[in-house]
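The values are calculated or read from the model by the stated rules, or taken from the named source; none is laboratory data. Predicted, not measured: the structure shown is a model, and the values here were computed from it. We place every Cβ from the backbone using ideal geometry, glycine too, and count neighbours over all the protein chains shown.
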Amino acid sequence: MIIADFHLHSRFARACSRNTTFPLLEKYARIKGVNILGTGDLQHPLWNKEIKSELKEDDNGILWTKNKFPFIWQTEISLMYSQDKRRAIHHVIFSPNGDVSDQIVEALSNKGRLDYDGRPIFGMASPELVEIMKEISDKIEIIPAHCMTPWFGLYGSKSGFDSLKECFQDKVNKIYAIETGMSADPPMLWRLKEEVNLVSFSDAHSYWPWRIGREATVFDCELTYDNIIKAIRTGEGLSSTIETVPDYGKYHYDGHRNCGVSLSPKESKKNNNLCPKCKKPLTLGVEYRIEELAKAEEYKPKNAKKFYRLIPLHELIAVFYGIKQLSSKKVWDIYNKLINSFNDEFNIMLKISYEDLCKVIDDKLAHLIIRNREDKLTVKPGYDGVYGEVVLEEKKQKNLGEF
């Protein structure tokens, strides 16, 4: 079993941790229980230099640290172009080896600057990107990133498309998977009835354990680039995905961050999709968009993969003790106590029994971890760039009017 997170960024990308290094990525991936990472930002000249100096590539397209932790070549790019209206779509790209990665860098450099951001912006359309990449190598994989987010998702309410075919046109047969993103999960996306596999990755902007692997994909195959791509394209060897609870994502509900307004799709429609405070158009979230595009009330394809909904452990500890700062000493102390006892976070979240957890932590916190595993948490939905919030049952009872 391989738990993979193939959507990361370097310290050279905007809004990303300035401290990101390969040793820290490896350290926190091991703590999380992630077995392989994407390099992130392969086209950025400074990060590309670090990839080549700090990682050693084997004959199977896997890059290794000196401590034998694996990576694959990966980046994310932003396309902004006009097709009927303004479009803004993010795509994750995987490369089979260093030689192909060099060709990707050269091709992208002909389209714009690569040194100003780890996630550069280009004016080409999605079909053109696919054509350019596939001319280099058919082993390059292009995956629409966080496919439902309003501003930069394939299906986004602000600048996305209504279908894969509309976006990729005659190149749609070269798109084998889409990334679910934090605000959506497989049952939501199944309703679109698109013939495409689903993968989940974190889009981590920092190296902390609560960012790395907050979404991940589980593979059941030998660790080679070709096997991973085969699993993504065919579903054979793609075992399951690990998702956050979609309500926890920053764009699940509709709303206005500046106005402090969060609305369900039904409430938004009653307000003609306008903010009740400022009267300007709402940022329509993922749930609203799913209802617009869905082909069925419920649908599960025959090849549907298993999935887990999990809130990261740091968040659970923080909410249990009423601590807002995830990096506080108390949160870290309890987190490290659990890691020292049970090896890694995914092991704790998915396997360790309630009885064993109670030997290390407060029994009520252990109960919260089990409820998380069983997908029984209550989460106040996120909206317009604001994360959702886990609501403890006792708090919920005291504040019923807020939900």
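Within the stretch 248-267, which residues are hydroxyl-bearing (Ser, Thr, Tyr) and buried (at least 23 other Cβ atoms within 10 Å of the Cβ)?
Within the stretch 248-267, TYR248, TYR251, TYR253 meet the criteria.
Do we find a residue being under 21 Å from the mean Cα position of the chain (by Cα) and not in a strand (DSSP E or B) anywhere in the stretch 259-279?
No.
Among (1) over 19 Å from GLY285 (Cα atoms); (2) of a type outside the set (A, V, I, L, M); (3) under 19 Å from the mean Cα position of the chain (by Cα), where does SER126 come up short?
Going through (1) over 19 Å from GLY285 (Cα atoms); (2) of a type outside the set (A, V, I, L, M); (3) under 19 Å from the mean Cα position of the chain (by Cα) one by one, SER126 breaks only (3).
Could you grab the pairs with beta carbons closer than 7 Å, sequence gap of 6+ or different chains, first residue in the stretch 109-138 and farther than 21 Å from ILE51 by Cβ, second one polar (S, T, N, Q) and surrounded by fewer than 20 Cβ atoms within 10 Å (Cβ to Cβ)?
Note: pairs meeting the criteria are ILE121/SER78; ALA125/GLN83; PRO127/GLN169.
Residue-by-condition table, conditions (1) buried (at least 19 other Cβ atoms within 10 Å of the Cβ); (2) in contact with a Leu (Cβ under 6 Å, 6 or more places away or on another chain):
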| position | (1), (2) |
| --- | --- |
| GLU26 | yes, no |
| LYS32 | yes, no |
| ASP58 | no, no |
| PHE69 | yes, no |
| ILE72 | yes, no |
| SER82 | no, no |
| ILE89 | yes, yes |
| ILE93 | yes, no |
| PRO96 | yes, no |
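Name the single residue that is surrounded by the fewest Cβ atoms within 10 Å (Cβ to Cβ) among those in the stretch 281-291 being under 20 Å from VAL261 (Cβ atoms) and within 23 Å of the chain's Cα centre (by Cα).
That would be GLU291.
Would the stretch 311-323 turn up any residue that is more than 30 Å from LEU164 (Cα to Cα), of a type in the set (D, E, K, R) and over 25 Å from the mean Cα position of the chain (by Cα)?
No, the stretch 311-323 has no match at all.
Looking at (1) farther than 20 Å from THR244 by Cβ; (2) over 25 Å from the mean Cα position of the chain (by Cα); (3) not polar (S, T, N, Q), can you tell me which one TRP332 breaks?
Failing condition for TRP332: (2).
Assess whether LEU198 counts as being under 20 Å from the mean Cα position of the chain (by Cα) and either basic (Lys, Arg) or part of a loop (DSSP other than H, G, I, E, B) (or both).
Answer is no for this residue.
For (1) in contact with a Lys or Arg (Cβ under 9 Å, 6 or more places away or on another chain); (2) farther than 21 Å from HIS146 by Cα; (3) crowded, with 16+ Cβ neighbours inside 10 Å; (4) free of Cβ contacts under 8 Å to residues at least 40 places away in the same chain, each residue gets a yes or a no:
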site: GLU298; (1), (2), (3), (4): yes, yes, no, no
site: LYS305; (1), (2), (3), (4): no, no, yes, no
site: ALA318; (1), (2), (3), (4): yes, yes, yes, yes
site: LEU350; (1), (2), (3), (4): yes, yes, no, no
site: CYS358; (1), (2), (3), (4): no, yes, no, yes
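Quickly run through the stretch 195-247 and pick out the residues that are surrounded by fewer than 22 Cβ atoms within 10 Å (Cβ to Cβ), more than 21 Å from GLY33 (Cα to Cα) and among the charged types (D, E, K, R).
GLU195, ASP226, LYS230, ARG233, GLU236
Just to be sure before I move on: is LYS295 assigned to a loop (DSSP other than H, G, I, E, B) and of a type outside the set (A, V, I, L, M, F, W, C) in the structure I sent?
In short, yes.
Count, please, the residues in the stretch 152-184 that happen to be more than 24 Å from ARG309 (Cβ to Cβ) and either under 15 Å from the mean Cα position of the chain (by Cα) or of a type in the set (A, V, I, L, M) (or both).
Final tally of qualifying residues: 3.
Go over the candidates LEU192, LEU238 one by one and state the one that is at pLDDT 95 or above and more than 24 Å from ASN60 (Cβ to Cβ).
LEU192 is the lone residue from the list that is at pLDDT 95 or above and more than 24 Å from ASN60 (Cβ to Cβ).
Can you report the number of residues in the stretch 156-170 which are touching a strand residue (DSSP E or B) at 6+ places or on another chain (Cβ under 9 Å) and either of a type in the set (D, E, K, R) or without any contact (Cβ under 8 Å) to a residue 24 or more places away in the chain (or both)?
The total comes to 2.
Read through the list (1) buried (at least 22 other Cβ atoms within 10 Å of the Cβ); (2) modelled with pLDDT under 95; (3) of a type in the set (Phe, Trp, Tyr), then give the number of the only condition that TRP151 fails.
(1)
Which of the residues belonging to the stretch 21-41 are in a loop (DSSP other than H, G, I, E, B) and either over 18 Å from the mean Cα position of the chain (by Cα) or of a type in the set (Asp, Glu) (or both)?
Across the stretch 21-41, the qualifying residues are THR21, ASP41.
Go through (1) farther than 20 Å from ILE142 by Cα; (2) of a type in the set (Val, Ile, Thr); (3) surrounded by fewer than 23 Cβ atoms within 10 Å (Cβ to Cβ) for ILE36 and report which single condition fails.
With (1) farther than 20 Å from ILE142 by Cα; (2) of a type in the set (Val, Ile, Thr); (3) surrounded by fewer than 23 Cβ atoms within 10 Å (Cβ to Cβ) applied to ILE36, the lone miss is (1).
Conditions: (1) of a type outside the set (Phe, Trp, Tyr); (2) at pLDDT below 95; (3) over 30 Å from THR21 (Cβ atoms). LYS230 meets all but one. Number of the miss?
That leaves (2) as the condition not met.
For the stretch 109-127, does any single residue satisfy the condition of being of a type in the set (Val, Ile, Thr) and surrounded by 21 or more Cβ atoms within 10 Å (Cβ to Cβ)?
Checking the stretch 109-127: not a single residue is of a type in the set (Val, Ile, Thr) and surrounded by 21 or more Cβ atoms within 10 Å (Cβ to Cβ).
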